[in-house]
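Asker: Handing you a structure now.
Just so it is clear, none of the values below were taken in a lab; they were calculated from the coordinates. Since the model is a prediction, treat every value here as computed from it, not as a measurement.
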Amino acid sequence: MTVRRIPLVAGNWKMNFDHLEATYFVQKLAWLLRDAHFDFKRCEVALFPSFTSLRSVQVLVEADRLRVTYGAQSVSVTTQGAFTGDVSADMIAHLGCSYVIVGHSERRKYHPEDDANIVDQVRAVLAAGMQPILCVGESFEERRQGIELDFAVGQVRDVTRDLSDEETSKLIVAYEPVWAIGTGMVATPQSAQEASCAIREDLRETFGADVADAVRILYGGSVTSKNAAELISQPDVDGFLIGGAALDVDELAKIARLVSKSTQGR
Ligand code: 13P
């Protein structure tokens, strides 16, 4: 049986765009995709604005009944209380978010987000009825040592160890080698496939085929419309988590169209 996972093109805006710029971007993206008769059944498109833009995106998506989905870039591990500056999973869910990015390498680097904290974020996101996009991936050092596959698989294991089959099946994993993020040095399609396949096979061993086949595995790191078609042709690459190229609406729409085209033969 061939397994059908709808590919996901996710734009991580990081700390870019205020709510006015976000509104303009979403309107233009919707217009570009509508103009291209984009089929959302073949490819899902999701945006990850700053917290301050989520409400504006929600209003627009609901008012114009747009098919674009969206989510947050991080979440608090606690539900409420005296945690100045934090935002809870329920607050994010009430803004219509479907997803939260968890454990992005920039969060791991600039904030005290260790494995225990990342597991708690995943649990908080699931408890609020959303899906976590768990980011993993080696730095240049692990790649130099040739241990990149074990490293990425290990990062997924560290988080899924305490999760049930059902919880794990709701995860989305983003394989984002740190050396490829924002550098223009994209992983080869073979290497993106190898890592995605290693992650999926490990999930299969631990949780069984149903879970392994359900989890979407994205590639992230210097994705552009020039390399997207080859990367998405890999059987275990189910879409992209895009930074820089997702700040250019024409470029993001182009990548989404390439991905949707690639599913025609899947
Ligand atoms: P770039 O696409 O800019 O390399 O960023 C990738 C990323 O970090 C997405 O989360």
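Asker: So for the chain, averaging the separation of alpha carbon pairs under 8 Å that are six or more residues apart and normalising by length, what relative contact order in percent results? Each step should come with its number before you reach the end.
Answerer: Numbers: 481 pairs, mean separation 56.6, N = 266.
Relative contact order here is 21 percent.
Asker: What does DSSP give for the chain in terms of the percent of beta bridges that are antiparallel, rounded to the nearest 5? Can you show the working numbers first?
Answerer: On the way: 0 of 27 bridges.
The antiparallel fraction comes to roughly 0 percent.
Asker: Beyond 29 Å between alpha-carbons counts as too far, so tell me which of 170/261; 14/226; 41/109; 14/254 fall in that bin.
Answerer: The answer is 41/109.
Asker: Over region 112-167, calculate the relative contact order: mean separation of alpha carbon pairs under 8 Å at least 6 apart, over the residue count, as a percent.
Answerer: Reported relative contact order: 37 percent.
Asker: To check you understand DSSP bridge types, tell me what percent of the beta bridges within region 116-246 (both residues inside) are antiparallel, rounded to 5.
Answerer: Counting DSSP beta bridges with both partners in region 116-246, the antiparallel share is about 0 percent.
Asker: Another question, then. When only alpha-carbon atoms count, how far does the chain stretch along each of its three principal axes, as whole angstroms with the largest first?
Answerer: Its Cα atoms span 50, 46, 37 Å along the three principal axes.
Asker: On a C-alpha basis, how far is the centre of region 1-56 from the centre of region 92-116 in Å? Whole number, if you could?
Answerer: 18 Å
Asker: Over region 1-139, what is the mean sequence separation of C-alpha contacts under 8 Å (at least six apart), divided by residue count, expressed as relative contact order in percent?
Answerer: Computed value for region 1-139: 21 percent relative contact order.
Asker: Just tell me which aspartates and glutamates come within less than 13 Å, Cα to Cα, of residue 28; anything on the same chain fewer than 8 places away is out.
Answerer: 64, 248, 250, 251
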